[in-house]
Amino acid sequence: MRNLLTLIKRDLRSYFSSMIAYVVIMMFLAVVGYFFFSFTLIYARISFHMGADPNLAKNINQMDTILRPLFMNISIVLLLLIPILSMRSIAEEKKQGTIELLFTYPLKNSEIVLGKYLALVVVFIIMFLPTVVYVGLLKLCGAEIPLLSVAIAYLGVFLLGISFLAFGVFASSLTENQTIAAVVSFGGLLLFWLVGWAGDFLDVQWLGITLREVSLLSHYQNFVTGVIDTNDILYYVLFIIFCLYLTQRVVEKRSWR
Amino acid sequence: MIQVNNVLKRYKHVEALKGISFEVKKGEILGFLGPNGAGKTTLMRILTGFFPPTSGEVLINGKDIEKETLAIQRSIGYLPENVPLYYEMRVQHFLQYVAAIKGVSRKDRPKEIERVVRECGLFDVERRQIKTLSKGYKQRVGLAQALIGNPDVIILDEPTTGLDPKQIIEIRSLIKNMAGNKTVILSTHILPEVSVICDRVIIINEGNIVAIDTPHNLEKRLKQGQDIVVLVKGDQHKVEDELFKIEGVTGIVVKECNEGVYEYVVSSKEGIDVRGTLAKNVAQKYELLELRMSRLSLEDIFVKLVTKENEIQEIK
């Protein structure tokens, strides 16, 4: 446990002294901030027109028009940015040769992999936590927001983000080239994202269902609509464990040079 | 202290180590010598628990490296080739991190870091980012991280490569100072280094041990016959005749040095010292400028051993 904390601390120090964390966090907040601004603007326009008719006005609320679309868009931004955040994780250690130090210090392989992963999880939390401000802003303006639904959506973002990271760490363990790591993790995640699409049109039913169940997107949608299902949570947990297990196997093999 | 039994390492297509065995005593400085690609780094990586051997066993303090990797790694300090370091970190942060990883208690850490900083002469650069340091300082930081936690065994992969002569001397004296308390294993392809630092040498070539001995004995053992180098001013042929008259002389190789001055490398039968007669006879008629024993340098021995090995393989 103490080793894990030491490893996490070192990685965090490196992420924050090399600018990469700042840049990714800044871009994330800038893009998400712009989405928030746009959706609020759309909401203002719609409510202005629909407000005249009490029947229509019943059907619009801030949760559905601003926050839900925002959360859906956050997932896309994460899909683009997380591979960039995670690409250096293990690839950089291989490139610099410092992984040889790690392997000869009294550390277990599992500690190395978990340390690398959890450091990224911390950066990710620091990255998306400021978005709570948007919810606070809406609240401040007197919006009626079901806080439980928002919390569930946040849980969804969290699970989705750390799943992306787990896959990113795996991609990063495969190569010493950061660009390759980023491309592999982006391509892989995109596939996992879209794999459900074909599922709806397949004649073979079991395959269709499997594809839909494997998709990262379908499980995320439930969280955003405010539904919490152990199935979805289990899916992400298994996805993470599977990716980290693969990473551990790659690391164990010491298969480079 | 360290026992290596029949260690073999096979990569996909090549056998990097072909079953080697040796022992290292406590407090000894042992040198691995061999051309690039001989298997030095592979051997060191096995000793440090980086990866296991394909077969064979390594015992350090009686513990098997494969079964008790973590326990053994706690008693080993390792400086890999090319000195990998976290360049974006400051020296002090890096050393704190290493101390924590190696299990130095929070209480003892400042003292331990102060010790290695003093030993490696890092006072002036403690606060600097590692990437801004000169090659020599980087090497010292690498050495410092190996020394943290006061391990019994220090393993250094080519610790002086790429340094300037002054830095090389500094690093060497640092290593020499460790002798006695710590068991040091270092690899190099710079030959004089071995005779300067090491108590014993293991020469490795193509995954096999070619020779294990003290640098001194290696030189002695490989000196074939006794060659004497004589520098004489005077007619080449007459001097040659004169030299051949001496009892025990078996061969002469001549090389012109200056005008009228020739260098004769005189070989003689084993057990007969021809120096006395040679000096007397030559000095009577000619100007004898120099007379010395030719010593094989480690370099010659190395070349001899390695080429011999190659020849054997060709015959096979």
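None of the figures in this text is laboratory data; all of them are computed from the coordinates on show. Here the structure is a predicted model, which is why all the values come from computation and not from measurement. Counting neighbours? That spans all protein chains shown, and the Cβs are built from the backbone with ideal geometry, glycine included.
Results, tabulated for the structure shown:
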{"read-out": "Two-decimal ratio, region A:2-253, of alpha-carbon radius of gyration to 2.2 N^0.38 Å", "value": "1.12"}
{"read-out": "Cα-based convex hull volume of chain B per residue, rounded to whole Å³", "value": "180 Å³"}
{"read-out": "Net charge of neighbours whose Cβ lies under 14 Å from the Cβ of A:GLN62, counting Lys and Arg as +1 and Asp and Glu as -1", "value": "+2"}
{"read-out": "Label point distance in nm, A:SER38-B:TYR11, each placed 7 Å from Cα along Cα→Cβ", "value": "5.1 nm"}
{"read-out": "Fluctuation leader among B:GLY121, B:GLY77, B:GLY31 - chain B, Gaussian network, Cα springs under 10 angstrom", "value": "B:GLY121"}
{"read-out": "Span per principal axis, largest first, for the Cα atoms of the protein assembly as shown (Å)", "value": "132, 57, 50"}
{"read-out": "Sequence-separation-based contact order of chain B, relative, with Cα cut under 8 Å and 6+ spacing, percent", "value": "19 percent"}
{"read-out": "Degrees separating the helix B:236-245 axis from the principal Cα axis of chain B, which is the longest one", "value": "90 degrees"}
{"read-out": "Likely footprinting exposure, A:SER47, A:SER86, B:SER105, fewest C-beta neighbours within 10 Å first", "value": "B:SER105, A:SER47, A:SER86"}
{"read-out": "Inter-chain Cβ neighbour average for residues A:6-13, partner chain, 10 Å", "value": "4"}
{"read-out": "P(r) tail fraction, region B:125-181 - alpha-carbon pairs more than 19 Å apart, %", "value": "30 percent"}
{"read-out": "Length-normalised contact order of chain A in % [C-alpha pairs under 8 Å, at least 6 apart]", "value": "24 percent"}
{"read-out": "Total lysine pairs whose alpha carbons fall under 22 Å of each other in chain A (8 or more apart, or interchain)", "value": "14"}
{"read-out": "Net charge over other residues, Cβ less than 12 angstrom from the Cβ of B:ARG109 (K, R count +1; D, E count -1)", "value": "+2"}
{"read-out": "Under 16 Å from the Cα of B:LYS280 - lysines, other chains or at least 8 residues apart", "value": "B:LYS233, B:LYS238, B:LYS245"}
{"read-out": "Residue-count net charge about B:GLU158 - beta-carbon cut-off 14 Å; Lys, Arg +1, Asp, Glu -1", "value": "+1"}
{"read-out": "Vicinal HN-Hα couplings computed from phi for region B:71-88 (Karplus, 6.51 cos²θ - 1.76 cosθ + 1.60; Hz; Gly/Pro x)", "value": "4, 5, 4, 5, 9, 10, x, 10, 10, x, 4, 6, 6, x, 9, 7, 5, 7"}
{"read-out": "Rounded, prolate or oblate (a/c below 1.5 giving rounded, otherwise prolate when a/b exceeds b/c) for region B:19-63 by Cα gyration tensor", "value": "oblate"}
